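All of the numbers you see were taken from the coordinates with simple rules; none came from a lab. Values in this document were obtained by computation on a predicted structure and should not be read as measured data. Here the Cβ positions follow ideal geometry from the backbone for every residue, glycine too, while neighbour counts run over all protein chains shown.
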Amino acid sequence: MKKIILLIITAIIFVGCNSIEKKEAKISKEIEIKNPWIRSAAAGMNTALFFDLKNNSEADDSLVSVESDAAELIQIHETIKAPNGMMQMKEIGKVSVRKGTEMKFKPMGKHIMFILLHEDLPAGDSVEVKFNFSKAKSMSQKVVVKDFTK
Amino acid sequence: MAATKKISAVLLFVLVNACGNNFPVIHDFKNEDFTLLNADSAEMNFPSVFKGKIIVAGFIFTNCPDICPLTTNNMRIIQEKLKELKMGNVEFAAISFDPKHDTPKVLRDYIRIRKFDTDNWTFFTGNQQVIDSLLKVSEVFAIPSDTSFVAGEEKVTFIHTDRIMLIDGDLRIRKNYPGSTINIDEIIDDIQKL
Ligand SMILES: [Cu+2]
């Protein structure tokens, strides 16, 4: 009898966990990180992560931070034109993405700045990156390292 | 008849000069040399070390995550295209405006990780004052904009000119391009005409 109860409890936990997992998968689809890539760089250097951020949900949302073990410090940045053909970049806070729209993080625009890489990131490697949003659930993704896109 | 000849001569003269004006002399390095260090810590006099060759020179700092990698990538594409065209009279130079951080060792790491072809491409660093005077005559500006300490290490980013310059075999700057958005076909065409 005890064995049967134990079996039933195990089955309930198993089924329960499974449905939670399925629910998480559905929630994370509300925000999509498409075509992510990070530029190759050597240990100690800085580099940048690029991707398309798609908000499929019914609500406006924003990317608030990015985490990874690959670098000492990670910030959301934007490259901007300065006078006389000069360029600069600055840290920007969160980046909002309206419901049903897509925001591109691309060279010469918004990027995720990886400051002081812990290890070499040669092309072909990948890094685990976690994206945090104000509404959607945080999402972790493997990001491939590339030298250049062309 | 003589008048026609004269007119033709004048027309030819105007035409030759007009074409020549595609490449005005922006700066002449004739009496200037800058002793820089390459990635192997060897001293090289820029630009005279490449006298007789066309030089494609870009300005970078290795901590730059966005604009400078586009510049070096464009230089890489130009280098590949010229190799395909069998034009061997061109040298490439990437000059750091952050010599304090970009030591020869850092430049070696940069070359290794991005797999640059150093066959005819030299990465330069050097003494800050020497670099600054080279920037000045080249009209390239690099102003430290943000300094932060990350894990005890100083990280500086710059507001900087986005520049690739074309120098002829007589050490004269003949044309400037935006480094990150340069039209590759345009510079290849210019190199062939120079
Ligand atoms: Cu940045």
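Of the residues making up the range A:128-136, not a single one is polar (S, T, N, Q) and within 28 Å of residue B:161 (Cα to Cα). One residue stands out among those in the range B:107-146 that are of a type in the set (Phe, Trp, Tyr) and in contact with a strand residue (DSSP E or B) (Cβ under 6 Å, 6 or more places away or on another chain): the one that is nearest to the other protein chains (Cβ to nearest Cβ), which is B:141. When the range A:94-111 is limited to residues that are of a type outside the set (D, E, K, R), more than 8 Å from every other protein chain (Cβ to nearest Cβ) and in contact with a Ser or Thr (Cβ under 9 Å, 6 or more places away or on another chain), the one that is farthest from the ligand (Cβ to nearest atom) turns out to be A:100.
Selection of the range B:113-152 for residues being within 16 Å of the ligand (Cβ to nearest atom) and not hydrophobic (A, V, I, L, M, F, W, C) yields B:144, B:145, B:146, B:147, B:148.
One line per residue, one yes/no per condition, for (1) crowded, with 20+ Cβ neighbours inside 10 Å; (2) in contact (Cβ under 8 Å) with a residue 12 or more places away in the chain:
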{"position": "B:130", "(1), (2)": "no, yes"}
{"position": "B:134", "(1), (2)": "yes, yes"}
{"position": "B:145", "(1), (2)": "no, yes"}
{"position": "B:152", "(1), (2)": "no, no"}
{"position": "B:161", "(1), (2)": "yes, yes"}
{"position": "B:166", "(1), (2)": "yes, yes"}
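Taking first residues from the range A:71-97 that are in contact (Cβ under 8 Å) with a residue 12 or more places away in the chain and more than 18 Å from residue A:51 (Cβ to Cβ) and partners that are more than 10 Å from the ligand (Cβ to nearest atom) and small (Gly, Ala, Ser), the Cβ contacts under 7 Å between residues at least 6 apart in sequence or on separate chains come to A:72/B:151.
Does the range A:82-90 include one or more residues that are part of a strand (DSSP E or B) and of a type in the set (D, E, K, R)? Scanning the range A:82-90, I find at least one residue that is part of a strand (DSSP E or B) and of a type in the set (D, E, K, R), so the answer is yes. Looking across the range A:79-106, the residues that are under 20 Å from residue A:146 (Cα atoms) and either surrounded by fewer than 19 Cβ atoms within 10 Å (Cβ to Cβ) or under 14 Å from the mean Cα position of the chain (by Cα) (or both) come down to A:104, A:105, A:106.
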